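Here the structure is laid out as structure tokens; the discussion comes afterwards.
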Amino acid sequence: MASDRPDPMGAAFDAARAAARLGEVPVGAAMVGDGAIIASAGNRTISDRDPTAHAEMLAIRAAAAALGSERLAGCDLYVTLEPCAMCAAAISFARIRRLYYAADDEKGGAVEHGPRFFSQPTCHHAPEVYSGIRASEAGELLRAFFAARR
């Protein structure tokens, strides 16, 4: 029997694969509010000619527009890769309740690597963080994408 519950990490992976088909780094994000997926996006930095068009930023913007609020306190964000410092700051400023992500990003991540944004005393809000969800799948998606470009 199929579940009626949304699969936000699945939606994030779908967005990541769609981004890869456009030649974008395959990272996807999905925002959940009130038990429903209210926004999802894949990276669009090349397509939009916008260095801030990371999947997380686009999903946050779309969710804020859909809810009519800059505060997403009751929302959870699902991402296929550990967010960078820019995205971690946006997550904090949006007051997102929980962050779920797949693969660690030892080079560009800012949650459990690099600046560890949410652990800094200057961080206004730190979400609950859950990592490693479908990490091997996310890692393989990224490895395959970059291998095809070498």
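A compact table of results
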{"read-out": "FRET E, pair D34, E106, Förster distance 25 Å, beta-carbon r, rounded to 0.05", "value": "0.15"}
{"read-out": "Selected from T122, T52, T80 as most flexible by GNM, with the chain as the system and alpha-carbon contacts under 10 Å", "value": "T122"}
{"read-out": "Listed residues F118, F13, F93 arranged by accessible area, highest first, probe 1.4 Å", "value": "F93, F118, F13"}
{"read-out": "FRET efficiency for R95 and T122, using Cβ-Cβ distance with R0 set to 22 Å, rounded to 0.05", "value": "0.90"}
{"read-out": "Quarter of the Cα convex hull surface for segment 43-87, i.e. its orientation-mean projected area (nm²)", "value": "3.5 nm²"}
{"read-out": "The chain pair-distance distribution - Cα-Cα, 10 Å bins, rounded %", "value": "12, 45, 35, 8, 0"}
{"read-out": "Label point distance in nm, T52-E137, each placed 7 Å from Cα along Cα→Cβ", "value": "3.1 nm"}
{"read-out": "Largest-first ordering by accessible area, 1.4 Å probe, given options E56, E112", "value": "E112, E56"}
{"read-out": "Accessible area per residue, Å², the chain with all protein chains present, probe 1.4 Å", "value": "52 Å²"}
{"read-out": "Potential lengthening between H113 and R150 on full extension [0.36 nm per residue; Cα-Cα distance subtracted]", "value": "10.7 nm"}
{"read-out": "Assigned charges on the beta-carbon of Lys, Arg, Asp, Glu; segment 9-150 dipole about Cα centre (debye)", "value": "240 debye"}
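The values are calculated or read from the model by the stated rules, or taken from the named source; none is laboratory data. Source: prediction; values computed, not measured. FYI the Cβ positions are ideal-geometry reconstructions off the backbone, even for glycines, and counts take in every protein chain you see. Ligands, DNA and RNA are excluded from the accessible area calculation, which covers all protein heavy atoms including side chains. Shrake-Rupley method; radii C 1.70, N 1.55, O 1.52, S 1.80 Å.
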